[in-house]
Every structure is written in structure tokens, then in C-alpha cells.
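K.L.:
Okay, handing you the structure first.
Only the coordinates and a few stated rules stand behind these numbers; no lab work does. The model shown is predicted, which means the values in this text are computed figures rather than measured ones. Here the Cβ positions follow ideal geometry from the backbone for every residue, glycine too, while neighbour counts run over all protein chains shown.
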Amino acid sequence: MASKISIINFALTLIGGNPISSLEEKSVSASTANLMYGMSLDSILGSHPWTFAIMRKNIEISHNSSPAWGYANSFNLPEDCLRILQVNELDFLPNIDYKVENRRILTDESTVNLLYISNDINIQHASATFVEAFASKIAVNLCGKLADTSTKLTAMAAIYANSLRIAIQANDTETSYVENNSSWVRARAR
């Protein structure tokens with residue numbers, strides 16, 4: 001099972017660094033990797049609809065922050081929402097008018113059912129291919145601080161791109177979800 005320290009050690013090993021024994025260790029590797037972990041996780045989670053990070057929530061109208069004009073209702077996004085996938089949609093085609101402003105969904109609808117990517121995840125539910133891509137992402141981010149050459153950064157970026165492609169392919173075999181931001185999907189809906 002993947003843990004925060006095992007993922008960080010995987011990333012450190014990829015760039016030729018020494019593994020750490022504790023996240024509280026007083027070393028440049030430990031403090032830098034610990035710093036990069038959260039930022040890298042949010043970045044990779046938000047980049048694709050990973051099945052283990054998708055959440056569903058019915059959200060309530062925010063009575064203390066109605067829009068000044070344009071829409072009747074405002075709904076606060078959940079704190080753990082990195083990216084919206086669907087709002088009140090029965091399938092992959094949009095069927096309501098809404099906008100997102102200042103972490104609020106503005107719409108004329110009276111209820112909002114939200115499908116979104118959450119950053120409040122259990123990394124142990126992630127696939128091995130995702131963990132490898134995530135560790136590679138951390139390694140790319142660590143190269144600037146801990147690696148000594150731009151050649152290593154270029155190599156790590158290629159490893160990350162390949163591992164991300166493999167992880168996305170593996171993830172997409174588990175779902176029939178289709179992102180509605182595709183121009184092909186929008187054209188077919190007309």
C-alpha cells in the first residue's frame with residue numbers, strides 16, 4: 001500500500017536522492033519533498049477525472065451570498081472540490097445554465113447535485129499506475145531544488161509524461177464518464 005513517505009521516497013529515488021526515514025526528518029530532502037507533496041497531488045488530481053477521487057454531493061443554497069444580478073441562486077463549492085465535473089446533469093451533456101465565480105456555483109436552479117474531483121482522498125485507494133505517475137510528478141518538481149542538472153529534469157519530465165499517460169489509460173478502463181468539455185461532444189449535442 002502506498003503511503004505519503006513511500007511515495008516521497010519513490011520520487012527521491014527517481015532523481016537519485018536518498019530515501020528519508022521520517023517526514024519530520026531535518027533534511028533538505030524531507031522538507032522539500034514534504035512541501036511538494038500537497039501541491040503535486042492537487043495538480044495531478046485536478047488534471048483528470050480519477051475514479052478514486054470523484055465525489056458526489058447535494059449542496060445547499062448559500063442564503064448569505066446571493067448573486068447581485070444574473071442568477072437567482074448561489075451555492076458554495078465543497079472545501080475539497082478541486083474541479084467540477086458535472087452540475088445537475090443526467091448524462092455527459094450539460095442541461096443547465098451555471099457559472100462558477102469565487103468558489104460558488106451561480107445558477108437559477110433551486111438545487112445542485114455536484115459531481116467533482118476531491119482532494120480529500122485516501123491515497124491507498126489509488127491505483128499503482130496513479131501512484132507511479134504521482135511520484136514522477138513530485139520528482140519533476142523536486143529536480144529544481146535537489147537535482148543538479150537540467151538533463152535530469154528533462155528525463156524526469158519524460159518519465160512523468162509516460163507514466164501519466166499509462167495511469168490515465170488504466171483509469172479510463174474503469175469508467176464510462178466522458179468529459180463534456182470536448183468540442184466533439186458539444187458538436188454532437190447540437
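K.L.:
Given the structure, is Pro78 touching a strand residue (DSSP E or B) at 6+ places or on another chain (Cβ under 8 Å) and either part of a loop (DSSP other than H, G, I, E, B) or not hydrophobic (A, V, I, L, M, F, W, C) (or both)? Full working, then the answer.
P.N.:
On the way: touching a strand residue (DSSP E or B) at 6+ places or on another chain (Cβ under 8 Å): yes; either part of a loop (DSSP other than H, G, I, E, B) or not hydrophobic (A, V, I, L, M, F, W, C) (or both): yes.
Yes, satisfied.
K.L.:
Can I ask one more? Restricting attention to the range 108-132, and to residues there that are of a type in the set (Val, Ile, Thr) and under 19 Å from Met55 (Cβ atoms), which single residue is surrounded by the fewest Cβ atoms within 10 Å (Cβ to Cβ)? Break it down into steps so the answer makes sense when it comes.
P.N.:
Residues of the range 108-132 that are of a type in the set (Val, Ile, Thr), as a first pass: 111-112, 117, 121, 123, 129, 131.
If we keep only those that are under 19 Å from Met55 (Cβ atoms) too, we end up with 111-112, 117, 121, 123.
Details: Thr111: 12, Val112: 21, Ile117: 21, Ile121: 18, Ile123: 17.
Ranking the qualifying residues of the range 108-132, first place goes to Thr111.
K.L.:
Give me the pairs: first residue in the range 140-157 and closer than 18 Å to Val28 by Cβ, second residue basic (Lys, Arg) and assigned to a helix (DSSP H, G or I), beta-carbon distance under 6 Å, and six or more apart or on different chains, which are they?
P.N.:
As it stands, the answer is Cys143/Lys152, since those pairs meet every condition given.
K.L.:
Being buried (at least 19 other Cβ atoms within 10 Å of the Cβ) and touching a Phe, Trp or Tyr at 6+ places or on another chain (Cβ under 6 Å) is true for just one of Ile15, Ile84, Ile105. Which residue is that? Show your work before the answer.
P.N.:
On the way: Ile15 fails: touching a Phe, Trp or Tyr at 6+ places or on another chain (Cβ under 6 Å); Ile84 fails: buried (at least 19 other Cβ atoms within 10 Å of the Cβ).
Answer to the check: Ile105.
K.L.:
Now, a different point. If Ala135 satisfies every condition in (1) more than 27 Å from Val28 (Cβ to Cβ); (2) buried (at least 18 other Cβ atoms within 10 Å of the Cβ) but one, which is the exception?
P.N.:
Of the numbered conditions (1) more than 27 Å from Val28 (Cβ to Cβ); (2) buried (at least 18 other Cβ atoms within 10 Å of the Cβ), the odd one out for Ala135 is (1).
K.L.:
State the number of residues belonging to the range 33-75 that are touching a strand residue (DSSP E or B) at 6+ places or on another chain (Cβ under 8 Å), touching a residue at least 40 places away in the same chain (Cβ under 8 Å) and not in a helix (DSSP H, G or I).
P.N.:
Residues of the range 33-75 that are touching a strand residue (DSSP E or B) at 6+ places or on another chain (Cβ under 8 Å), as a first pass: 42, 45-46, 49-50, 53-62, 65-67, 70-75.
The next check asks that each one be touching a residue at least 40 places away in the same chain (Cβ under 8 Å); those that pass are 42, 45-46, 49-50, 53-59, 61-62.
Now narrow it down to the ones that are not in a helix (DSSP H, G or I): 49-50, 54-59, 61-62.
Counting residues in the range 33-75 that are touching a strand residue (DSSP E or B) at 6+ places or on another chain (Cβ under 8 Å), touching a residue at least 40 places away in the same chain (Cβ under 8 Å) and not in a helix (DSSP H, G or I) gives 10.
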